[in-house]
Amino acid sequence: GYTGATIFGAVLLVLLRMEWTRAAAAFGAIFLLVTALRFGANMLTYATGVVAAVVFLFFFAWDHGRLAYYGMSFLAVQCMLNAFYDLRTLVEVSASDVRRTSDASMLSHETLGVIPPLRWAIGLSGVSLLITYALLRRLLR
């Protein structure tokens, strides 16, 4: 989800910063495999999750040099950027049309309309920004 991708990228970057490259690779492989197999809806999702897990297993096996470090750093940052791009789209959809179905509108429906879709979208964005802020504070010390 929106905050899950941000957390995934943040955990990878923290593990890499602590120079636990193999732990980061193992975490990435297990997380992606479990997520794809548990929440996958079709064969493409399963295949993508397995291929992504294999990439992290490659990084686990190929711990020498900088390939694993920079490869996983790239993937972690890419996950975080994609999460923010999706959150931006969610905020735009929630702000433009109340009748349009989105994740935020479904969350609003589940709370019986107490929290409007736009607030859900802004709240999810705020959580991701807070995670990123905490990550940057930790990494830039």
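Annotation: per residue accessible area for the chain equals 65 Å², rounded to a whole number [probe 1.4 Å, protein chains only].
Surface composition of segment 1-126: carbon plus sulfur atoms hold 69% of the accessible area, using a 1.4 angstrom probe and ignoring ligands, DNA and RNA.
Computed over the chain, the range of Cα coordinates on each principal axis works out to 52, 42, 20 Å, biggest value leading. In this rough spin-label picture, where each label sits 7 Å from Cα along the Cβ direction, the Val14-Thr89 distance is 2.8 nm. Its relative contact order, with pairs defined as Cα atoms under 8 Å and 6+ residues apart, puts the chain at 30 percent. Here the spin labels are modelled as points 7 Å beyond Cα on the Cα-Cβ line, and at Asn82 and Arg137 they lie 2.8 nm apart.
Among Arg38, Arg17, Arg119, the residue with the largest mean-square fluctuation in a Gaussian network model of the chain, with springs joining Cα atoms closer than 10 Å, is Arg38. Axis angle, to the nearest 10 degrees, between helix 117-139 and the longest C-alpha principal axis of the chain: 30 degrees. The GluC sites (Glu not before Pro) of segment 1-110 meeting both criteria, a DSSP state outside H, G, I, E and B (loop) and at most 10 other C-beta atoms within 10 angstrom of the site's C-beta, are Glu19.
Amide hydrogen proximity for Ile115: with H placed 1.01 Å from N in the peptide plane, no residue at 5 or more positions away or on another chain lies under 5 Å.
The values are calculated or read from the model by the stated rules, or taken from the named source; none is laboratory data. Since the model is a prediction, treat every value here as computed from it, not as a measurement. Every residue, glycine among them, receives a Cβ derived from its backbone with ideal geometry; neighbour counts consider all protein chains shown. Please note that ligands, DNA and RNA were not included when accessible areas were found on the heavy atoms of the full protein model with its side chains. Shrake-Rupley method; radii C 1.70, N 1.55, O 1.52, S 1.80 Å.
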